[in-house]
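One structure, pasted below without further comment.
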Amino acid sequence: MFRIGGFSKLRQVRLAAFLITISAAMAIVYAILLVLTGTIFSYQGLLLTWIFDSVFQMGRYPVGLYPGWLRLVLTWVVPVGFMTTVPAQALAWEVAPGMLWGGVVLAIGLLVAASALFRVGLRRYASASS
């Protein structure tokens, strides 16, 4: 419940966990977009926005509905499950600390890999005009 001085300790922890997971989720979305932008330099005719939309269609439902192996894939391999479900779980305090910090490590790793791929794509970029 609310205290006169502000949030209770449990709500502060929930809010901090939510902010950490939503920040990691936004970083993962940015990394995915950066990867797609970096690959567009090599494959100019490909509509990569369709790929982005297809990836996010997998996150339409909470990952808890899927079997264990698919839940693992959607959370850590194709992290759409992390982006859509884990911040809500953190707000409800149903997330383990390992999941919380694993997501942060995943987001940092994806950002590093995506920016490296984007730099490779920029080196291959010739020109948009003739």
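Residues that are touching a residue at least 24 places away in the same chain (Cβ under 8 Å), in a helix (DSSP H, G or I) and among the charged types (D, E, K, R): does segment 14-21 have at least one?
yes
Sticking with this structure for a sec: Of all the helices (runs of 4 or more DSSP H) wholly in segment 55-124, which have at least 3 residues that are small (G, A, S)? Please lay out each step first, then the result.
Working: elements: 68-72, 80-91, 97-124.
In segment 55-124, the matching helices (runs of 4 or more DSSP H) lie at 80-91, 97-124.
Only one of (1) more than 30 Å from Y125 (Cα to Cα); (2) at pLDDT 85 or above is not met by V95, so which one is it?
It fails just one condition, (2).
Would you check which residues across segment 27-48 are of a type outside the set (F, W, Y) and without any contact (Cβ under 8 Å) to a residue 12 or more places away in the chain and list them?
Going residue by residue through segment 27-48, those that are of a type outside the set (F, W, Y) are 27-29, 31-40, 42, 44-48.
If the condition is that a residue be of a type outside the set (F, W, Y) and without any contact (Cβ under 8 Å) to a residue 12 or more places away in the chain, then Q44, G45, L46, L47 are the ones that fit.
I've got another one for you. Just to verify a result, which residue in segment 22-54, among those that are outside any helix (DSSP H, G or I) and of a type in the set (F, W, Y), is surrounded by the fewest Cβ atoms within 10 Å (Cβ to Cβ)?
Step one: of segment 22-54, the residues outside any helix (DSSP H, G or I) are 41-47.
When the remaining residues are screened for being of a type in the set (F, W, Y), the result is 41, 43.
Numbers: F41: 15, Y43: 11.
This residue is Y43.
The values are calculated or read from the model by the stated rules, or taken from the named source; none is laboratory data. Computed from a predicted model, the values in this text were never measured in an experiment. Every residue, glycine as well, gets a Cβ built from its backbone with ideal geometry; the counts of neighbours run over all protein chains shown.
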